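Asker: I'd like to ask some things about the structure below.
The values are calculated or read from the model by the stated rules, or taken from the named source; none is laboratory data. This one's a predicted model, so the numbers in the text were calculated from it and none came from an experiment. Positions of Cβ are backbone-derived with ideal geometry, glycine not excepted, and every protein chain shown enters the neighbour counts. These accessible areas exclude ligands, DNA and RNA; they are computed on the full protein's heavy atoms, side chains included. Shrake-Rupley method; radii C 1.70, N 1.55, O 1.52, S 1.80 Å.
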Amino acid sequence: MHPHAHPISARCAVITLSDTRSESTDTSGSTIRALLAAAGHSIRTYQIIPDDPPTLDALLTTCLANIQVDAILLNGGTGISPRDQTISTIQKHITTPLPGFGELFRMLSYAQVKSAAMLSRACAGIAFGKPVFALPGSTKAVELAMTQLIIPELSHLLSELRKSSAADDSASP
């Protein structure tokens, strides 16, 4: 956790994009949920959906509108194959990109997979005041992103977003 952040328990949506995984074979989604829970966060929504942009767009819209969801974590569909449409779908919703997430993720991934790290389009941003993270489908990549980047900063990120929201609320008539 960020040293200056107050602990905030995030209510999370976890979405796995896969044409082949089921709940029993979704090791990446399971890893995300377990690491969030171990860090004191809760899972409000967990779904496995096909790599289908309209399905993802509808579910993402629902999660963003849900006041019981503070953060959205997706895994799968971040590569370069024609079926990998996660990034183009979520970018339509993101108003504030967080380019440092993808940059740091690829830097850390390089230690594990060398130059293949450049094939990942993992990214993050803010949509409707909520952080959205798009992670690869690989369980090792998910574990890396969660333990090195997301878990250490999630409370701080939410704290910063809530500051701006409180300032907006106090400025309104």
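Asker: Please verify whether PRO82 is without any contact (Cβ under 8 Å) to a residue 40 or more places away in the chain, surrounded by fewer than 18 Cβ atoms within 10 Å (Cβ to Cβ) and under 13 Å from the mean Cα position of the chain (by Cα), treating the condition exactly as stated. Give the steps one after another, and end with the answer.
Answerer: Details: without any contact (Cβ under 8 Å) to a residue 40 or more places away in the chain: yes; surrounded by fewer than 18 Cβ atoms within 10 Å (Cβ to Cβ): yes; under 13 Å from the mean Cα position of the chain (by Cα): no.
So PRO82 fails the test.
Asker: Can you find even one residue in the stretch 38-58 that is of a type in the set (S, T, N, Q) and part of a loop (DSSP other than H, G, I, E, B)?
Answerer: No, the conditions are met nowhere in the stretch 38-58.
Asker: Give me the pairs: first residue in the stretch 145-164 and open to solvent by 10 Å² or more (accessible area, probe 1.4 Å), second residue aliphatic (A, V, I, L, M) and part of a helix (DSSP H, G or I), beta-carbon distance under 7 Å, and six or more apart or on different chains, which are they?
Answerer: THR147/LEU35; GLN148/LEU108; LEU149/LEU104; ILE151/LEU35
Asker: Could you grab me the full set of residues in the stretch 96-137 that are assigned to a strand (DSSP E or B), within 16 Å of GLY79 (Cα to Cα) and of a type outside the set (Phe, Trp, Tyr)?
Answerer: Residues satisfying the conditions are CYS123, ALA124, ALA134, LEU135.
Asker: Next question, about the same structure. Being surrounded by 15 or more Cβ atoms within 10 Å (Cβ to Cβ), free of Cβ contacts under 8 Å to residues at least 40 places away in the same chain and part of a strand (DSSP E or B): is that true of THR89 here?
Answerer: no
Asker: State all residues of the stretch 105-118 that are surrounded by 15 or more Cβ atoms within 10 Å (Cβ to Cβ) and more than 13 Å from the chain's Cα centre (by Cα); if no residue qualifies, say none.
Answerer: ARG106, LEU108, SER109, VAL113, ALA117 - these are the residues of the stretch 105-118 that are surrounded by 15 or more Cβ atoms within 10 Å (Cβ to Cβ) and more than 13 Å from the chain's Cα centre (by Cα).
Asker: Still on this structure: Could you identify the single residue in ALA71, ALA116, ALA58 that is closer than 20 Å to ARG21 by Cβ and at pLDDT 95 or above?
Answerer: Just one listed residue meets the conditions, ALA58.
Asker: For the stretch 60-75, state whether one or more residues are surrounded by fewer than 20 Cβ atoms within 10 Å (Cβ to Cβ), part of a loop (DSSP other than H, G, I, E, B) and touching a Pro at 6+ places or on another chain (Cβ under 9 Å).
Answerer: Checked against the condition, which is being surrounded by fewer than 20 Cβ atoms within 10 Å (Cβ to Cβ), part of a loop (DSSP other than H, G, I, E, B) and touching a Pro at 6+ places or on another chain (Cβ under 9 Å), the stretch 60-75 yields no hits at all.
Asker: For the stretch 15-26, does any single residue satisfy the condition of being modelled with pLDDT of 95 or more, part of a loop (DSSP other than H, G, I, E, B) and under 19 Å from CYS123 (Cβ atoms)?
Answerer: The answer is yes; a qualifying residue exists.
Asker: Tell me, yes or no, whether the stretch 6-13 has at least one residue that is over 16 Å from ARG162 (Cβ atoms) and loosely packed, with under 15 Cβ neighbours inside 10 Å.
Answerer: Scanning the stretch 6-13, I find no residue that is over 16 Å from ARG162 (Cβ atoms) and loosely packed, with under 15 Cβ neighbours inside 10 Å, so the answer is no.
Asker: Right, another one. Can you give me the number of residues within the stretch 28-46 that are in contact (Cβ under 8 Å) with a residue 24 or more places away in the chain and surrounded by 15 or more Cβ atoms within 10 Å (Cβ to Cβ)?
Answerer: Going through the stretch 28-46, the residues in contact (Cβ under 8 Å) with a residue 24 or more places away in the chain turn out to be 28-29, 31-32, 35-36, 39-46.
Going one step further and asking which of them are surrounded by 15 or more Cβ atoms within 10 Å (Cβ to Cβ), we end up with 28-29, 31-32, 35-36, 39, 41, 43-46.
The number of residues fulfilling the criteria is 12.
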